[in-house]
Amino acid sequence: MSGERNTIYVEDAEVISHVAHPAAQFVLRLHAPRCAASARPGSFVHVRCDASLPMRRPYSIMRASPREGWIELLYKIVGIGSRALSQRRVSERVNVMGPIGRPFAPQRERPRALLLGGGVGIPPMIFLAEQLAAERGWHPLVLMGSEVPFPFALTTAVQPVAGMPDPASAAITLLEEWGVPSRLASGVAQSNCYRGFVTDLARSWLATLDERSRAEVAIYACGPTAMLAATARLAREFGLPCEVALEELMACATGGCAGCAVRVQTPQGPAMKKVCVDGPVFDAALVF
C-alpha cells in the first residue's frame, strides 16, 4: 500500500469535465485536491457512481494535478455502476475515496521503461508516462493495445523508435506533446496500428535490441488478465523485471473484505494477497 491508511481521503469531488469517446468510453476529470496531492501511478480511487448504488467501483487514476487539484479517470460502460457514472454532468458531485494502493516503482538503473497498456488498463500507463517525462534520465516507450477505437486524439508518430515494425506509426497526441514515443496495436483493423496483440508488438521491438540496451529495460503493464500473463511470459523470455497492475472487483478497497484476494508466490510459499492494499501493483513473476 502506498503510504499510511490516513493518506486515503473521502471527497465529494466536483465534475470539471466529462468527455464521451467511441465504444462507450469516458474521460472524467474531478476536482479532488486531497486525492490529487497523494496520487501516484498505479493508485486508484473507489467511486460512488450514484447515490442509489451502495457499492463503490474501483477506477485507476489516469492523471493527477496536485497544483490544480484534479484527478482524471478513464472508464468504459460495463454495468449499472459505470452507466450511472456516465450520467454525471459538469458541476455535479461524485464521492471518491482515494488514492488507494501500492504504486509502480520504476527502477532507475533501467531507464528504458517499457509501458504496456491494454483496454481499460491504459490509464496507469498514461500516469506513469507523464511522471517519467517530467523527470530527467528516463526514456519511456508506451505501447497501447485496444480492440475498440482509442479514447485519445491520435497522430502520426514524430518521436522516433528504432526497430518498430511497420505499419506501427499511429501515436497518442498527448504523449507526443510530452516527448514520449508511443505506438498502438489492435486485433482489428485500425489505421496505422500494428495488427495483433500489444505484447507481440513489444516482443518485435525487444528482439531488435542488443544485449546492452536490453539490460536497461524494465516492463510496466496494466490490462486484462490474459494480457498481463502474456506480459509476464515476455519478461521471462527476455530476462526483464516486470511490474503489473492487477484489476479486480472489490467491495471495501481497504483490505477488510478480502474480496479482491489473488494467489501470489512468496519466499514462504503461495499466499493470498489483497489487490487493494497489497497491490494493485505486483512483481509479475510472483503473480503469473
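The values are calculated or read from the model by the stated rules, or taken from the named source; none is laboratory data. Note that the structure is predicted; figures quoted are calculated from it, not measured. Heads up, the Cβs are rebuilt from the backbone with ideal geometry, glycines too, and the neighbour counts pull from every protein chain shown.
Tell me the residue from Leu154, Leu175, Leu143, Leu132 that is outside the structural domain of Ser65 (by TED's automatic domain parsing), under 21 Å from the mean Cα position of the chain (by Cα) and either farther than 24 Å from Pro22 by Cβ or among the acidic types (Asp, Glu) (or both), please. Don't jump to the end; show me each part of the working.
Details: Leu154 fails: either farther than 24 Å from Pro22 by Cβ or among the acidic types (Asp, Glu) (or both); Leu175 fails: either farther than 24 Å from Pro22 by Cβ or among the acidic types (Asp, Glu) (or both); Leu143 fails: either farther than 24 Å from Pro22 by Cβ or among the acidic types (Asp, Glu) (or both).
Only one candidate passes the filter, namely Leu132.
Among the listed residues Phe127, Phe152, which satisfies the condition of being among the aromatic types (Phe, Trp, Tyr), assigned to a loop (DSSP other than H, G, I, E, B) and crowded, with 19+ Cβ neighbours inside 10 Å? Lay out the reasoning, then the answer.
On the way: Phe127 fails: assigned to a loop (DSSP other than H, G, I, E, B).
When all the criteria are applied, what remains is Phe152.
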Search segment 137-152 for residues that are under 13 Å from Val180 (Cβ atoms) and pair each with any residue that is surrounded by 18 or more Cβ atoms within 10 Å (Cβ to Cβ) and of a type in the set (S, T, N, Q) when their beta-carbon atoms are under 8 Å apart and the residues are at least 6 apart or on different chains.
Leu141/Ser182; Val142/Ser182; Leu143/Ser182; Met144/Ser182
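Listed here are the residues, each with its yes/no results for (1) of a type outside the set (A, V, I, L, M, F, W, C); (2) in contact with a helix residue (DSSP H, G or I) (Cβ under 7 Å, 6 or more places away or on another chain); (3) at pLDDT 95 or above.
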{"residue": "Pro54", "(1), (2), (3)": "yes, no, no"}
{"residue": "Ala64", "(1), (2), (3)": "no, yes, yes"}
{"residue": "Glu72", "(1), (2), (3)": "yes, no, yes"}
{"residue": "Tyr75", "(1), (2), (3)": "yes, yes, yes"}
{"residue": "Gly81", "(1), (2), (3)": "yes, no, yes"}
{"residue": "Ala84", "(1), (2), (3)": "no, no, yes"}
{"residue": "Val94", "(1), (2), (3)": "no, no, yes"}
Name the residues in segment 93-140 that are among the acidic types (Asp, Glu) and closer than 21 Å to Leu175 by Cβ, would you?
Glu130, Glu135
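Take segment 26-56 and flag every residue that is surrounded by fewer than 22 Cβ atoms within 10 Å (Cβ to Cβ), of a type outside the set (A, V, I, L, M) and in contact (Cβ under 8 Å) with a residue 12 or more places away in the chain.
Quick first cut of segment 26-56, residues surrounded by fewer than 22 Cβ atoms within 10 Å (Cβ to Cβ) only: 26-27, 29, 31, 33-34, 37-38, 40, 48, 50-56.
Still in the list and also of a type outside the set (A, V, I, L, M): 26, 29, 31, 33-34, 38, 40, 48, 50, 52, 54, 56.
Scanning segment 26-56 gives Phe26, Arg29, His31, Pro33, Arg34, Ser38, Arg40, Arg48, Asp50, Ser52, Arg56.
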Only one of Val264, Val281, Val287 is in contact with a Leu (Cβ under 6 Å, 6 or more places away or on another chain), closer than 28 Å to Ala202 by Cα and touching a residue at least 12 places away in the same chain (Cβ under 8 Å), namely Val264
Qualifying position, being crowded, with 24+ Cβ neighbours inside 10 Å and either part of a strand (DSSP E or B) or modelled with pLDDT under 95 (or both), among Ala189, Ala171:
Ala171
Looking at Leu143, Leu132, can you tell me which residue is surrounded by 24 or more Cβ atoms within 10 Å (Cβ to Cβ) and closer than 27 Å to Gly239 by Cβ?
Leu143
Taking the stated definitions as given, is Leu201 assigned to a strand (DSSP E or B), in the same structural domain as Phe150 (by TED's automatic domain parsing), crowded, with 16+ Cβ neighbours inside 10 Å and touching a Gly at 6+ places or on another chain (Cβ under 8 Å)?
no
